[in-house]
Amino acid sequence: MLRAAGVGIGDEVVVPAFGNVEVAEAVTLVGALPVFADIDPVTYCLDPYAVQGAVTARTAAVVVVHRFGRPADVGQLHALGQRHGLLVLEQAECEAPYDEVAQRRQRAAYLDGRLRGVRTPDGGDGHTYQQYVVRVPGNGRPDRDAFARAVRARGIDCRVPVKTPVHRLPEFRRYVSLPETERAADETLALPVDASLTKRDMQRIVAACNALGGLLQPAS
């Protein structure tokens with residue numbers, strides 16, 4: 001799509017650093033330069049205000065990535081694109097069947113009401129919970145990683161959704177200020193909400209996480 005739109009050598013394309021390296025790779029493949037903007041800490045998608053700050057005279061496009069089933073603020077981003085004459089492309093996640101989404105939402109609601117010691121996700125409009133991503137509060141990565149190890153030891157399959165932001169990777173290393181991206185990479189953890197999980201499974205997830213709540217500062 002970038003190539004078809006005429007984006008190429010000498011152009012800049014604003015992309016998120018939290019998530020897919022494939023987006024930045026696609027930009028470089030057409031000869032353009034990926035420019036990283038920070039994310040909104042609630043949606044984990046590009047922050048329109050951060051995008052505004054990243055736009056220069058060489059900016060040709062913005063690639064918006066919807067994250068974890070929570071849509072980005074495409075209204076503001078498309079309005080920004082119109083003001084600056086920029087192409088705004090969206091990368092959507094794979095859509096799950098409606099009944100599966102409904103079951104994921106039920107499981108997410110169950111966790112929302114019972115988890116302690118972690119910050120549960122903000123549901124927002126249209127959240128499909130492709131991943132149920134919580135924040136482990138504390139002083140950064142060691143706390144989240146220790147929490148994850150302890151939860152796994154209790155038989156719960158959890159994972160770090162974004163281990164390394166793209167701007168930290170050697171081939172895309174940039175010295176840019178992305179505080180929300182850095183914080184999210186250090187604090188986020190995805191807990192299972194698959195449609196196949198039973199009520200007993202959900203109870204085990206809650207029990208495992210809440211047993212560790214005393215190790216953490218209470219969520220604000």
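General observations
- For region 68-104, a tally of residues being closer than 20 Å to Arg3 by Cα and open to solvent by less than 30 Å² (accessible area, probe 1.4 Å) returns 4.
- Among (1) part of a helix (DSSP H, G or I); (2) at pLDDT below 95, the one test that Ala72 misses: (1)
- Residues located in region 54-65, provided they are in contact with a strand residue (DSSP E or B) (Cβ under 7 Å, 6 or more places away or on another chain) and either of a type outside the set (Val, Ile, Thr) or open to solvent by less than 20 Å² (accessible area, probe 1.4 Å) (or both): Ala54, Arg58, Thr59, Ala60, Ala61, Val62, Val63, Val64, Val65
- Residues within region 90-118 that are of a type outside the set (A, V, I, L, M) and assigned to a helix (DSSP H, G or I), tallied: 12
- So Arg116, is it farther than 19 Å from Phe18 by Cβ, touching a His at 6+ places or on another chain (Cβ under 9 Å) and open to solvent by 50 Å² or more (accessible area, probe 1.4 Å): no
- Verdict on Thr43 being closer than 30 Å to Gln203 by Cβ and assigned to a loop (DSSP other than H, G, I, E, B): yes
- Pairs linking a residue in region 33-44 that is farther than 14 Å from Arg183 by Cβ to a residue that is open to solvent by 30 Å² or more (accessible area, probe 1.4 Å) and of a type in the set (Val, Ile, Thr), with Cβ atoms under 8 Å and 6 or more positions apart or on different chains, are Pro34/Thr28; Val35/Thr56; Phe36/Val176.
- Residue within region 195-211 that is under 22 Å from Thr128 (Cβ atoms), open to solvent by less than 40 Å² (accessible area, probe 1.4 Å) and part of a loop (DSSP other than H, G, I, E, B) present: yes
- All of Arg107, Arg119 fail the test of being among the basic types (Lys, Arg), under 16 Å from Leu191 (Cβ atoms) and modelled with pLDDT of 95 or more, apart from Arg107.
- Looking across region 33-53 at every residue that is charged (D, E, K, R) and open to solvent by less than 40 Å² (accessible area, probe 1.4 Å), the one that is nearest to Gly123 (Cα to Cα) is identified as Asp47.
- Residue in region 7-32 that is surrounded by the most Cβ atoms within 10 Å (Cβ to Cβ), counting only those that are farther than 21 Å from Pro165 by Cα and either in contact with a strand residue (DSSP E or B) (Cβ under 7 Å, 6 or more places away or on another chain) or touching a residue at least 40 places away in the same chain (Cβ under 8 Å) (or both): Val7
- For the criterion of being surrounded by fewer than 18 Cβ atoms within 10 Å (Cβ to Cβ) and either over 21 Å from Arg200 (Cβ atoms) or of a type outside the set (A, V, I, L, M) (or both), Gly126 passes.
- Residue tally, condition loosely packed, with under 15 Cβ neighbours inside 10 Å and either without any contact (Cβ under 8 Å) to a residue 12 or more places away in the chain or among the small types (Gly, Ala, Ser) (or both), over region 131-181: 12
The values are calculated or read from the model by the stated rules, or taken from the named source; none is laboratory data. This is a predicted model, so every value here is computed, not measured. Don't worry about glycine lacking a Cβ; one is built from the backbone with ideal geometry, like all the others, and counts go over all protein chains shown. The protein model used for the area step is the full one, side chains on, heavy atoms only, and it has no ligands, DNA or RNA in it. Shrake-Rupley method; radii C 1.70, N 1.55, O 1.52, S 1.80 Å.
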